[in-house]
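Visitor: Mind having a look at this structure? Questions to follow.
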Amino acid sequence: SHPGEMVSQAHALGLKAIALADRNSLAGIVRGHAQAKKLGIAFIPGARLVLREGHEIICLPTDRAAYGRLCKLLTRGNRRAPKGECHLWLDDIASHGEGQIFIFLPPVSDLNAVSEPLAALGAYFPRAVFLGAALLFDGGDARRLARLSRLSKKMSAPLVSVGDCLYHAPERKPLQDVLTCIREKCRIAEAGYRLGANAERHLKGGPEIQRLYTGYEDAVARTLDIAARCRFSLDELAYEYPD
């Protein structure tokens, strides 16, 4: 879905804010910001940092200075990589992390794989590192949430619910499958497990989110806390020429 569609759907669902985070990019945030301003919903720009170590971390700047550091971080990753790629490591994040909020997205298979980077980044930026809990709707979410909750307490990284959405409404799932095949250079009939198992990676309203995270209401409440801390708006930016 386009950024404007995501923002419009979030507004229609009654959400108070929406954060959009492209992979190693800020490419879609201007369109998202413009639509959010038009509709009167809070918009949080950010990036999904995909590291060379294999970790994926949502980075949300809380103020203008932090947004500048995020831009410098992405520039560093782009300049050292071939066109179309972005090469970043955890050390890069540590040197640009002041004023950011980080949400670690654990892998499906090995949740403990994030323990070491969680501890490392948490030592640099206390109170700014969270553990993301996205649902897979595969029959194992209750067990997975319980494991994530234990890991969260062990690593002192508060659990926060994450939509991990790819499209604004479920009817976009076939288009997502086509885009996946373009990326993987295969046909639909050959894609197999590379395609999403269901059409659940769409935006959901507050009551539905509360129901899905029954027993983990604090993880949902933290999304509002994070939104309140992210005060940066693209309206703060203007052309500034060097002296």
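Visitor: If you plug each phi of the range 192-202 into the Karplus form 6.51 cos²θ - 1.76 cosθ + 1.60 with θ = phi - 60°, what whole-Hz ³J(HN,Hα) values come out, in order, with x for Gly and Pro?
Guide: My calculation for the range 192-202 gives x, 6, 6, 8, x, 6, 8, 9, 8, 8, 10 Hz in order.
Visitor: To the nearest 20 debye, what is the magnitude of the charge dipole of the range 158-218 about its Cα centre, counting +1 on the Cβ of each Lys and Arg and -1 on the Cβ of each Asp and Glu?
Guide: For the range 158-218, the charge dipole is close to 320 debye.
Visitor: Treating only the Cβ atoms of Lys and Arg (+1) and Asp and Glu (-1) as charged, compute the dipole magnitude of the chain about its Cα centre; round to the nearest 20 debye.
Guide: Dipole of the chain, to the nearest 20 debye: 120 debye.
Visitor: Across 10 Å bins from 0, what is the distribution of all Cα-Cα pair distances for the range 1-122, in whole percents?
Guide: Binned Cα distances yield the sequence 13, 41, 33, 13, 0.
Visitor: Can you find, among 82, 149, 197, the residue farthest towards the positive end of the dipole of the chain? Put +1 on the C-beta of Lys and Arg, -1 on that of Asp and Glu.
Guide: Going by the Cα projections, it comes out as 197.
Visitor: Continuing with the same structure: Which of the chymotrypsin sites (Phe, Trp or Tyr not before Pro) across the range 198-241 are loop residues per DSSP, with 12 or fewer other Cβ within 10 Å?
Guide: 239
Visitor: Pull out a ≥ b ≥ c, the square roots of the eigenvalues of the alpha-carbon gyration tensor of the range 173-214, then state rounded if a/c is under 1.5, prolate if not and a/b is larger than b/c, and oblate in the remaining case.
Guide: prolate
Visitor: How much length would be gained if the chain were fully extended between residue 154 and residue 112, taking 0.36 nm per residue of separation minus their Cα-Cα distance, in nm to one decimal?
Guide: Here the segment from residue 154 to residue 112 would lengthen by 14.0 nm.
Visitor: Continuing with this model, one more query. At 222 nm, what helix-only mean residue ellipticity would the chain give, in deg cm²/dmol to the nearest 500, using -39500 (n - 2.57) for each DSSP H run of four or more?
Guide: One gets -12500 deg cm²/dmol as the mean residue ellipticity at 222 nm.
Visitor: Also, quick follow-up: Between 192, 77, 99, find the one with the highest GNM mean-square fluctuation for the chain; connect C-alpha pairs within less than 10 Å.
Guide: In the Gaussian network model the winner is 192.
Visitor: May I pose another question? Which of 163, 130, 71 sits farthest toward the positive end of the charge dipole of the chain, with +1 on the Cβ of Lys and Arg and -1 on the Cβ of Asp and Glu?
Guide: Selected residue: 163.
Visitor: Under a 10 Å cutoff between Cα atoms, tell me which one of 82, 107, 61 has the largest fluctuation in the Gaussian network model of the chain.
Guide: 82
Visitor: Based on a Kirkwood Rh over C-alpha pairs, give the Stokes-Einstein translational diffusion coefficient of the chain at 10 °C and viscosity 1.306 mPa s in µm²/s.
Guide: 84
Visitor: Using the Cα centre as the reference, give the magnitude of the dipole from point charges on the C-beta atoms of the range 70-134 (Lys, Arg: +1; Asp, Glu: -1; all else neutral), rounded to the nearest 20 debye.
Guide: Magnitude of the dipole: close to 320 debye.
Visitor: Can you list the HN-Hα couplings for the range 80-95, worked out from phi with the Karplus curve (6.51, -1.76, 1.60; θ = phi - 60°), rounded to whole Hz and with x for Gly and Pro?
Guide: Calculated HN-Hα couplings, in order: 8, 10, x, 4, x, 10, 9, 9, 10, 10, 4, 4, 4, 5, 4, 7 Hz.
Visitor: Run the numbers for residue 52 and residue 178: contour at 0.36 nm per residue of separation, minus the present Cα-Cα distance, in nm.
Guide: 42.7 nm
Visitor: Quickly work out the residue 39-to-residue 89 label distance, labels modelled 7 Å from Cα along the C-beta direction, and quote it in nm with one decimal.
Guide: Label at residue 89, label at residue 39, 4.1 nm between them.
Visitor: Check residue 25: other-chain or 5+ apart residues with amide H under 5 Å from its amide H, H built from backbone geometry?
Guide: Residues meeting the amide H criterion: 48.
Visitor: What are the GluC sites (Glu not before Pro) within the range 1-106 that DSSP puts in a loop, where the Cβ has at most 16 other Cβ atoms within 10 Å?
Guide: 53, 85, 98
Visitor: What is the set of long-range amide H partners of residue 88 at a cut-off below 5 Å, with H atoms built 1.01 Å from backbone N?
Guide: Residues meeting the criterion, in which the H sits 1.01 Å from N, are 52.
Visitor: Then there's this: Between 64, 183, 211, where does the largest GNM mean-square fluctuation fall for the chain, given springs only between Cα atoms within less than 10 Å?
Guide: Highest fluctuation among the options: 183.
Visitor: Under the definition of Cα pairs under 8 Å and six or more residues apart, what whole-number percent is the relative contact order of the range 79-155?
Guide: 28
Visitor: Using the Cβ atoms and a cut-off under 15 Å, what net charge is assigned to the surroundings of residue 211, where Lys and Arg are +1 and Asp and Glu are -1?
Guide: Here the charged neighbours net out to -3.
Visitor: Of all trypsin sites (Lys or Arg not before Pro) in the range 109-157, which ones are in loop regions per DSSP and have a Cβ with at most 11 other Cβ atoms within 10 Å?
Guide: Passing both the DSSP loop test and the Cβ count: 127.
Visitor: When only Cα pairs under 8 Å and 6 or more residues apart are kept, what is the percent relative contact order across the chain?
Guide: After rounding, I find 19 percent.
Visitor: Could you state the orientation-averaged shadow area of the convex hull built on the Cα atoms of the range 36-87, in nm² to one decimal?
Guide: 4.7
Visitor: Now a separate question. Taking amide H positions as placed in the peptide plane 1.01 Å from N, state which residues far from residue 17 in sequence (5 or more) or on other chains have amide H under 5 Å from it.
Guide: Here the answer is none, since no amide H 5 or more places off falls under 5 Å of that of residue 17.
Every read-out reported here was derived from the displayed coordinates using simple, explicitly stated rules and does not represent laboratory data. From a predicted model like this one, the values you see are computed outputs, not experimental measurements. All Cβ positions, glycine included, derive from the backbone under ideal geometry; neighbour counts span all protein chains shown.
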